Amino acid sequence: MGFIKRLFGISVTPSPADSSCWEVKDGQILLDLTKAPQLKNPGGAIRLENKGLDKRVLVFCDEQGQLHAMHNKCACAGWRLDPHVSSSTVQCCTLGMSTYSYDGQVISGSAKEPVQVFEVEREDNTVVINLA
Ligand code: FES
């Protein structure tokens, strides 16, 4: 990740190319993988925001092809996160670079609290993220 992006706290994780790939319903995010090809490959990620969500959500595919979802808010000062599957971590997009495990625990950096992770259920191309 480039120094300039980190300097300005710009996340490299994009919003979904097709915004119709997800919706919020009854406290869950319903995600259609046929419309979110970014999540088909290790390291692929999207960030879900608005549409009635009360918190930003990062969704990403790990090195084994498993999907993860977590609150997209660094526990240091609230900037966005990006997955780094080469080290099986998630990292703040700023120069602070607080780093978390996939289960949200702080590995390094200035963050003192974990990041909330959300349960992900997948059946074929349908993904349900439980926000409770
Ligand atoms: S906001 Fe993430 S390290 Fe400070």
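Of all residues in region 5-46, those satisfying the criterion of being in a loop (DSSP other than H, G, I, E, B) and more than 16 Å from the ligand (Cβ to nearest atom) are PRO14, SER15, PRO16, ALA17, ASP18, ASP26, GLY27, ALA36, ASN41, PRO42, GLY43, GLY44. Of the residues making up region 82-114, those that are out of contact with any Cys (no Cβ under 8 Å at 6 or more places or on another chain) and of a type in the set (Asp, Glu) are ASP103, GLU113.
State yes or no: is GLY109 away from the ligand (no atom under 16 Å from the Cβ) and either closer than 27 Å to ARG6 by Cβ or β-branched (Val, Ile, Thr) (or both)? For GLY109, the condition - away from the ligand (no atom under 16 Å from the Cβ) and either closer than 27 Å to ARG6 by Cβ or β-branched (Val, Ile, Thr) (or both) - is not met. Among the criteria (1) within 29 Å of THR34 (Cα to Cα); (2) modelled with pLDDT of 95 or more, the one ILE107 does not fulfil is (1).
Restricting attention to region 86-101, the residues that are surrounded by fewer than 21 Cβ atoms within 10 Å (Cβ to Cβ) and modelled with pLDDT of 95 or more total 5. When every residue of region 66-82 is checked against the conditions, at least one turns out to be within 18 Å of VAL128 (Cα to Cα) and in a loop (DSSP other than H, G, I, E, B). Given the condition in contact with a helix residue (DSSP H, G or I) (Cβ under 8 Å, 6 or more places away or on another chain), of a type in the set (D, E, K, R) and surrounded by fewer than 16 Cβ atoms within 10 Å (Cβ to Cβ), answer yes or no: does some residue in region 37-50 qualify? Looking through region 37-50, at least one residue is in contact with a helix residue (DSSP H, G or I) (Cβ under 8 Å, 6 or more places away or on another chain), of a type in the set (D, E, K, R) and surrounded by fewer than 16 Cβ atoms within 10 Å (Cβ to Cβ). Pairs linking a residue in region 73-85 that is over 13 Å from LEU95 (Cα atoms) and without any contact (Cβ under 8 Å) to a residue 60 or more places away in the chain to a residue that is part of a loop (DSSP other than H, G, I, E, B) and within 8 Å of the ligand (Cβ to nearest atom), with Cβ atoms under 8 Å and 6 or more positions apart or on different chains, are LYS73/TRP79; ALA75/SER98; ALA75/ALA111. With the requirement that a residue be of a type outside the set (Lys, Arg), buried (at least 17 other Cβ atoms within 10 Å of the Cβ) and under 24 Å from ASP26 (Cβ atoms), what does region 51-66 give you? Within region 51-66, VAL57, LEU58, VAL59, PHE60 meet the criteria. Of GLY96, GLY104, all but one fail to be out of contact with any helix residue (DSSP H, G or I) (no Cβ under 6 Å at 6 or more places or on another chain), within 16 Å of the ligand (Cβ to nearest atom) and more than 19 Å from ARG6 (Cα to Cα); the exception is GLY104.
The values are calculated or read from the model by the stated rules, or taken from the named source; none is laboratory data. Source: prediction; values computed, not measured. All Cβ positions, glycine included, derive from the backbone under ideal geometry; neighbour counts span all protein chains shown.
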